[in-house]
Amino acid sequence: MLDHVIIGQYVPGKSFVHRMDPRAKLICLMLFVVFLFISRHPFVLIGGLILTTTAFYYAKIPLRFYIKGMRFIVIIILFTFILHLFLTREGPAIFSTPIFTIYLGGVTQGGFMATRLLVLFIMASLLTLTTTPVALTDGLETLMKPLKKLGVPTHELAFMMSIALRFIPTLLDETAKIIKAQRARGANFTQGSLWNRLKAVIPIFIPLFVQSFKRAEDLATAMEARGYEGGEGRTKFRLLTWLKKDTYAVIVFALYALIVLIVKIGGGN
Amino acid sequence: MQITATDVAYTYMKDTPFEKKALHNFNIRLKNHTYTAIIGQTGSGKSTFVQLLNGLLKPTEGEVTIGDWKIYKDTKEKELYFIRKRVGMVFQFPEHQLFDETVLKDVMYGPINFGKSKKEAEEISKEMLTLVGIEPDLYERSPFELSGGQMRRVAIAGVLAIEPSVLILDEPTAGLDPQGHEGIMNILFQWYKGSDERSIILVTHQMEDASRYAEHIIVMDKGELAMEGTPEEVFAQQKELEALGLGIPETVKLLKLLKEKSGDKKINTVKFTLGDTVEEILSFLGKD
C-alpha cells in the first residue's frame, strides 16, 4: 500500500529535464511558484499550463505511474474546488436549492484554484522525480550560499535535508515490514471502530521510532568515525555544471515571470 | 497442513516503472508435517514466496492452497485473517516487531488478536516463553531492556503463541552468534517435533541448517524452482548448486575432499551432522 508514494522519489532517466542542472531547476520552480500565484488573470494560468505541459513532456515520466501517485493530491484539489463552489457569491446564480445556491463565480473560481494547485503540484513533483536527492541538496546549498554571510548554517541545513530525503524510502520500507510482521500476528488496520483502528497503529509506530533512534545514533557514530566535522573547508565530489540549456530554461521561466508582472501592473488584478 | 502452489506468479509494483517480477510459473506441493528448507541466492524469490503462504502478499497469478484455504488474486482480507491464524511467520530480525510495555504483554498480542481471552492468552504465552527459554523474572520487563538474543526469543515466542500449524521462518538466526544460532534452531526443531500437525518452512542461506533439520529442500533461482528433493538428493549435486551460486554443507565438502585425495570409492560423502562425519572418517581410517 506504500508502493505508490511519489513524494521524494526519484525516477531514473536521461531526459532533458533529468540532465538539467539542479540549480536551474530550483530557480525555475521558484519563479514559477511565486509568479503563478501573484495574479489572477487567466493569461497567467494559461501560461502556467503551457509551461507545465512542456516540462512534463520533456521529463518523460510515464503518465500511468504519475496518476497513481497523485490520488491523495486529487482529494485535496477536489476539496478546494468544492469549498470555492459553495463559498463564493459572485456572478449570477446558476443553481439554487433552499439550503444553498451555486453562483457562476463559484464554478470559475473553484476551477481556477483547482487548476492552479494541480499545475503547482505537477511542477513541484517533477523536480523531485527527475533530480536525485543528492543533486537537489547540492543545488539548494549553492543557492543558499549568500545567506551564509548572515550566519545561516547553510551546509547543515542542506545536509539535514539530504539525510531526511535519504531516509524516506528506508522508513517506508521499514514501515511496510513492521506492518507485515504485525499483520502476521493478527493485527487488523482496516476493520473495527475508529478507536480500535487508532490503537492498531501503536504496534507500528513504537518499533518504527525505536529503530529510527537506533539508526540515527549509528549514523552519527559512523560519520564521526570517518572524521566528519561540518561544512568548513569541505570540497565536493560531484561538481554541478551549468550548461547553455540551463540558461535557456531559466530565461523561459524569467520571461513568464515578466509577462505575469506586466499583466499584473497593466490589468490590475 | 498440506501446502500447494499452482502456477504462481508475483510482480512487485505492477504498472509502475519499478515493476519487478519476483516469482513466475511456480509449482510446489508440501505434505503435512514436513520440515522444508528453501535455499537460493539473494533475490531468487524465496522471501516473496513465503509471504504468499500467509496472505501478506497475494499472487498476481495462480493460486496457493493451505489446508482447505485458497489464496488467489481476489481473496478477501477477512479470509486471510483465518489463514494467518494457521500460518505463523517469523521475519528476519523479528525483534523489530516488539512494541509493548512488558515481555509477557508483547507475546500476548498475537493470541488476543486471534480471539483468545486474556487468561488463555496469558497461559499460552507463558508456555511459549518457557519453550524459548525466557525465565519468568523477565516477563514484566520491557522488551527493549533485553539482550539481542533474548529479544529474538521473545519475538519468536510471540509468533508461536498464535498456535500456528505452519511456521514460516525467514532466516530466523541472522546476526546471532553461533551459540545463539544453535539454541534457536534447536528450540524451533523441538516445537516442530511437539505435534504431528506442525510444519516448518525455513528460508536460509546456511546449507548446514538446511541439511541438518530439513526433510525436504527447495532450491530457487531467479523466481523459479531450480531443484527439489531430500537433502541427500540435493546436496549430491554440487556442480548444479555451484552453478546457482550456492554451496554444499561443510561436512559434505570435507568428505568429498577426502574421497578425492584418497581415491577410496567407499566413502559416503552425504553426511550432515558432525557425529556422522566423524564416524565416516573413522571407518575410512579403519577404526570403529
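Compute the accessible area of each residue in the stretch B:1-35 twice, once for its chain alone and once with every protein chain present, using a 1.4 Å probe on heavy atoms, and list those whose area falls by at least 50 Å².
Flagged in the stretch B:1-35: B:Met13, B:Asp15, B:Pro17, B:Phe18.
Test of understanding: what is the full-extension gain from A:Lys264 to A:Tyr228, defined as 0.36 nm times their sequence separation minus their Cα-Cα distance? Let's see the in-between values first.
Details: separation 36, 0.36 × 36 = 12.96 nm, distance 4.92 nm.
Roughly 8.0 nm would be gained on extension.
Tell me the mean residue ellipticity at 222 nm calculated for the protein assembly as shown from its helices only (DSSP H runs of n ≥ 4, each -39500 (n - 2.57), averaged over every residue, nearest 500). Walk me through the numbers before you get to the answer.
Working: 21 runs with 305 residues, N = 557.
Result for the protein assembly as shown, helices only: -18000 deg cm²/dmol.
For the stretch A:117-162, what % of the accessible area comes from carbon and sulfur atoms, probe 1.4 Å?
After summing per-atom areas, the C and S share lands at 78 percent.
Other chains near B:91-104: what is the mean number of their Cβ atoms within 10 Å of each residue's Cβ?
Counting Cβ atoms of other protein chains within 10 Å of each residue's Cβ and averaging gives 4.
Sorted by packing (mean other beta-carbon atoms within 10 Å per residue), highest first, where do B:153-165, B:240-252 land? Intermediate results must be reported in sequence, preceding the final value.
Values: B:153-165: 25.1, B:240-252: 17.4.
In descending order of packing, they fall as B:153-165, B:240-252.
Compute the FRET efficiency between A:Thr108 and B:Lys21 as 1/(1 + (r/R0)^6), taking r as their Cβ-Cβ distance and R0 = 51 Å, and round to the nearest 0.05. Walk me through the intermediate numbers first.
Values: r = 48 Å, r/R0 = 0.94.
For A:Thr108 and B:Lys21, the calculated efficiency is 0.60.
Run through all the Cα pairs of chain B and give the fraction in each 5 Å bin from 0, expressed as whole percent.
It works out to 1, 5, 11, 15, 16, 15, 13, 10, 7, 4, 2, 1, 0, 0, in whole percents.
State the percent of C-alpha pairs, over all pairs in chain A, separated by a distance greater than 36 angstrom. All intermediate terms of the calculation are to be shown ahead of the outcome.
Numbers: 11882 of 36046 pairs.
More than 36 Å apart: 33 percent of the Cα pairs in chain A.
Enumerate by residue number the trypsin sites (Lys or Arg not before Pro) in the stretch B:224-288 meeting two conditions: DSSP loop (anything except H, G, I, E, B), and at most 12 other Cβ atoms within 10 Å of the site's Cβ.
Taking the stretch B:224-288 and a limit of 12 other Cβ atoms within 10 Å, the loop trypsin sites (Lys or Arg not before Pro) found are B:Lys265, B:Lys266, B:Lys287.
Distance from the Cα centre of the stretch B:139-178 to that of the stretch B:35-78, in angstrom?
22
Accessible area per residue for the stretch B:170-288 in Å², computed with a 1.4 Å probe and the full protein assembly in place, what is it? It would help to have the intermediate numbers written out before the result.
Details: 6300 Å² over 119 residues.
Using a 1.4 Å probe on heavy atoms only, each residue of the stretch B:170-288 averages 53 Å².
Using alpha-carbon positions, what is the distance between the centroids of the stretch A:18-47 and the stretch A:65-123, in Å?
That distance is 22 Å.
From largest accessible area down, sort A:Trp242, B:Trp191; use a 1.4 Å probe on the protein chains.
Ranked from most to least accessible, the order is A:Trp242, B:Trp191.
Protein chains only, probe 1.4 Å: how do B:Asp170, B:Asp196 rank by accessible area, largest first?
Largest accessible area first, the residues go B:Asp196, B:Asp170.
In the stretch A:60-168, what GluC sites (Glu not before Pro) fall in a loop by DSSP, with at most 11 other Cβ atoms inside 10 Å?
A:Glu90
Mind giving me the FRET efficiency for B:Thr102 and B:Leu254? R0 is 56 Å, r the Cβ-Cβ distance, nearest 0.05 is fine.
On the way: r = 47 Å, r/R0 = 0.83.
About 0.75, to the nearest 0.05.
Using 1/(1 + (r/R0)^6) with R0 = 30 angstrom and r between the beta carbons of A:Met144 and A:Ala216, what's the FRET efficiency to the nearest 0.05?
Plugging the Cβ-Cβ distance into 1/(1 + (r/R0)^6) gives 0.80.
Name the GluC sites (Glu not before Pro) in the stretch A:167-260 that are in a loop by DSSP and that have at most 10 other C-beta atoms within 10 Å, would you? Don't skip to the end; give the middle numbers.
Values: sites: A:Glu174, A:Glu217, A:Glu224, A:Glu229, A:Glu232; in loops: A:Glu229, A:Glu232.
Sites meeting the loop and neighbour criteria: A:Glu229, A:Glu232.
What distance in nm separates the simple spin-label points at B:Glu61 and B:Lys76, each placed 7 Å from Cα in the Cβ direction?
Inter-label distance under the simple model: 2.8 nm.
Rounding to the nearest 20 debye, state how big the charge dipole of chain A is about its Cα centre with +1 on each Lys and Arg Cβ and -1 on each Asp and Glu Cβ.
Details: 30 positive and 14 negative charges, 93 e Å.
With only Lys, Arg, Asp and Glu charged at Cβ, the dipole is about 440 debye.
If you project the alpha carbons of the protein assembly as shown onto the principal axes, what extent comes out on each, in Å, largest first?
106, 63, 48
Could you compute the net charge surrounding A:Glu156? Neighbours are other residues with a C-beta less than 13 Å from the C-beta of A:Glu156; K and R count +1, D and E count -1.
-1
Charges only on Cβ, +1 for Lys and Arg, -1 for Asp and Glu: so what's the dipole of the protein assembly as shown about the Cα centre, in debye to the nearest 20?
Dipole about the Cα centre, nearest 20: 2660 debye.
If you take the accessible area of B alone, add that of A alone, and subtract the area of the pair, what total do you get in Å², probe 1.4 Å, to the nearest 100?
2400
Using a Gaussian network model of chain B with C-alpha springs under 10 Å, which one of B:Glu127, B:Glu145, B:Glu232 is most mobile by mean-square fluctuation?
Of B:Glu127, B:Glu145, B:Glu232, the Gaussian network model singles out B:Glu145 as fluctuating most.
The values are calculated or read from the model by the stated rules, or taken from the named source; none is laboratory data. Note that the structure is a prediction, hence the values are computed from the model and not measured. Cβ sites come from the backbone with ideal geometry, for glycine too, and all protein chains shown count toward neighbours. SASA here: full protein model, heavy atoms, side chains in, ligands and nucleic acids out. Shrake-Rupley method; radii C 1.70, N 1.55, O 1.52, S 1.80 Å.
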